[in-house]
1. Ordered by residue, what ³J(HN,Hα) values in Hz, to whole numbers, does segment 224-240 give under the Karplus form 6.51 cos²θ - 1.76 cosθ + 1.60, where θ = phi - 60° and Gly and Pro are x?
2. When ligands, DNA and RNA are left out and all protein chains stay put, how many square angstrom of accessible area per residue does segment 295-445 have with a 1.4 Å probe?
3. In nanometres, what is the gap between the two model label sites at residue 415 and residue 380, each 7 Å from Cα along Cα-to-Cβ?
4. Let me check against my output: what whole-number percent is the relative contact order of the chain, with C-alpha pairs under 8 Å and at least 6 apart?
5. Take the cross-link list 60/331; 286/331; 123/145; 60/328; 103/430; 90/430 and give me the ones stretching past 22 Å between alpha-carbons.
6. Report residue 366's accessible area, 1.4 Å probe, all protein chains in place, as a number in Å² to the nearest 10.
7. Before rounding to the nearest 500, sum -39500 (n - 2.57) across all DSSP H runs of length at least 4 in the chain and divide by the residue total; then give [θ] at 222 nm in deg cm²/dmol.
8. Ignoring ligands, DNA and RNA, what accessible area per residue does segment 152-194 give at 1.4 Å, in Å²?
Amino acid sequence: MEDKRKIDCIVRADYVLPMDDSFTVLTDGAVAVDKGKVIEAGPYEEISGRYAPEESLGGKNRALIPGLINTHTHAAMVSFRGLADDLPLKEWLEQHIWPAEAKWLSPEFISDSIELACLEMLKAGITTFNDMYFFGDAAGMATKKLGMRAVLGAGIVDFPTAAAKTADEYFAKAEEFVKAWKEDELITPCAAPHALYTCSTETLRRARRFADRFEVPIHLHLSETEWEVGEIISRYGKRPVEYLDRIGFLDRRVVAAHCVWLDDNEIKLLAKSGAGVSHCVESNLKLASGIAPVVKMLKAGVKVSFGTDGAASNNDLNILSEMSTAAKLHKAVSGDPTVLDARTALRMATRWGAEVLGLGDITGSIEEGKAADLVVLNLEKPHLTPIYDIYSHIAYSLRASDVETVMVGGRVSVRDGRLCCGDESEIMEKARGWGRKIRKRPNDL
Ligand SMILES: [Zn+2]
């Protein structure tokens, strides 16, 4: 008998969902993992007959999915969660969030906050996030420490912040950041001009040239509020997407967060350009920004994925709940319960998320040669029993606490629901320390 090939790991599950085009479900399936990559996915009998693993994970009453992708967040804002709520976006930003950021942002703040955010995301089955914030080096190091994959955007605005004072300084820092991280296995650096109302035409054009020169994604907020659309029309005489099209900004490198206020022509322009959209449904609901025309976008061929936005406007980093909320909301507003079905929702949360970020060759599905970014779900729960359609349970019933094991690039980050590349209590204690400093009444508990 031929010797079995020695590999790092086999992950077994009752349901393996590779997230291919035909939504295959491998029952009693397994995935062979070696040197950080998926070697093969197939029936457990075949996989176990071919490979001798160092370690076995998963098992009975388990499901295995690709890691979830969060395509828009400001991860470090977990430290501002609950600081100010129930306010309009403009007031919330200008009177609460921006002043708090001006006062507290530093590499130490970012590092501690990113660790907390990564802990929350990993435990909810997220393996990749797309971030827009400042102090990217500190964010990159903290993200790697917890073993997550991320696209980290160097934030660019036209006004001074704790990170830089002028457009030249923002771009100089962005260049330094991109050069330092371009070859990293887990971190993809990118350019992140904040939005059309905070960046001039020249800054946006410069960010576009920057993304082309370094071949990196370009991440911005787009048409989040009705106010923004009015503001851009009054400045440039065009709606936001039309204006971006006119200045030659749009293409498939662009990750546009929100896209709530689009007319039909703008949806066509987005589809034609290949730009990806991050739908941040819970943030849009909480800030009463509106409801993005996701069904129309999907019909037009726009690639739509899910983002949580920052935890200060959501208030958690949980793609499972974004999926569930979006799938239900769009049925209600369109009056059609067949739209945004469970399969589409999970595809948006995995493969399309990776494709929107330009990481489609690396992650987002369980395929030979792709990184082993895998999530084992524990189905031994009352709310997941019995099972008729595993996609239905994942889209509508699954909770973050059902995530059992998380692997990023073949490295196990969460085992039995606990972080195994850091100390959960220590991370939360540091966060409580920042909370005590930030809160207005220092004598409170
Ligand atoms: Zn945002």
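The values are calculated or read from the model by the stated rules, or taken from the named source; none is laboratory data. This structure is a prediction, so every number in the text was calculated from the model and none was measured. Neighbour counts are summed over all protein chains in view; Cβ atoms, including those assigned to glycine, are modelled from backbone coordinates with ideal geometry. Surface areas here come from the heavy atoms of the whole protein model, side chains and all, with no ligands, DNA or RNA. Shrake-Rupley method; radii C 1.70, N 1.55, O 1.52, S 1.80 Å.
1. 7, 10, 5, 4, 4, 4, x, 4, 6, 4, 5, 7, 10, x, 9, 6, x
2. Value for segment 295-445: 43 Å² per residue.
3. So the label points at residue 415 and residue 380 sit 1.8 nm apart.
4. Result for the chain is 20 percent.
5. From 60/331; 286/331; 123/145; 60/328; 103/430; 90/430, over 22 Å: 60/331; 60/328; 90/430.
6. In the full protein context, residue 366 sits at about 10 Å².
7. -11000 deg cm²/dmol
8. For segment 152-194, the per-residue accessible area is 43 Å².
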